[in-house]
Each structure stands twice: as structure tokens, then as C-alpha cells.
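The values are calculated or read from the model by the stated rules, or taken from the named source; none is laboratory data. Predicted, not measured: the structure shown is a model, and the values here were computed from it. In this analysis, Cβ positions are derived from the backbone assuming ideal geometry, glycine residues included, and neighbour counts consider all displayed protein chains.
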Amino acid sequence: MKVTRENLGMHLIEYQLNIIGKTFADVESDEQWNHNNTFTQKQFLEFKAYAIPLIKKVLKCNSKRAITSFEWLNLGFGLRVVPTKEEHENIISNLSSD
């Protein structure tokens, strides 16, 4: 299926769910699907690396607008990012050193 302006959002939602091994059909009955399903930081960065160039191409926009569009999509429909134990420990140690 070709990604167009009309189906870009749904394509990106499906893509992020595919990263965690699910489809939209798996989560559509859950009103809190984007809260109840989570990414690792690595999975989120993989999604972001895929999404921004695709947004830029499909919307024919510059990088700044593509990043802003991605951030809006992620704010409304993005999965929660839960840090791994190592990431959590790094965050805590960085906060402690400040």
C-alpha cells in the first residue's frame, strides 16, 4: 500500500505497533492502547528514524516541519516510552550529579 497524506497517520500508528509485535486490530478495543503498550527508548528511536523522513517525503516539507508533525503525532498517538533498567539508572545518576 502506498503511503499518502490521507493514510500517513494510520500507517505510522501501525508501524509503531508492529515494532512491538502488535497490529491496530489487536489494540483497537482498548481506549488507552497508546498508554497500555510501551516502547523501549531504542524502539522509539527506531520509530522516529523511520517516521521523520517519511513525513518529510509524503508531506513534501522541510525537516523542521517534519519533526513538528512527528511530535504532534507522537503526542496524540505515540506509545509510552519506558526506560530499561540501565536507562533508568543512568537517568537517576544524572539527576543525582546535578
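Mind listing whichever residues of the range 1-41 are acidic (Asp, Glu), surrounded by fewer than 13 Cβ atoms within 10 Å (Cβ to Cβ) and within 19 Å of Glu71 (Cα to Cα)?
Residues of the range 1-41 acidic (Asp, Glu): 6, 14, 26, 28, 30-31.
Restricting the remaining residues to those that are surrounded by fewer than 13 Cβ atoms within 10 Å (Cβ to Cβ) gives 6, 28, 30-31.
If the condition is that a residue be acidic (Asp, Glu), surrounded by fewer than 13 Cβ atoms within 10 Å (Cβ to Cβ) and within 19 Å of Glu71 (Cα to Cα), then Glu6 is the only one that fits.
Suppose we keep only residues that are of a type in the set (A, V, I, L, M) and surrounded by 18 or more Cβ atoms within 10 Å (Cβ to Cβ) within the range 42-57. Which one would you say is nearest to the chain's Cα centre (by Cα)?
Only one residue tops the list, namely Ala51.
For the list (1) in a loop (DSSP other than H, G, I, E, B); (2) over 24 Å from Thr84 (Cβ atoms); (3) not β-branched (Val, Ile, Thr), I need the number of the one condition that Lys22 fails.
(2)
Examine the range 27-38 for a residue that is at negative phi, part of a helix (DSSP H, G or I) and either of a type in the set (A, V, I, L, M) or modelled with pLDDT of 95 or more (or both), and state whether such a residue exists.
yes
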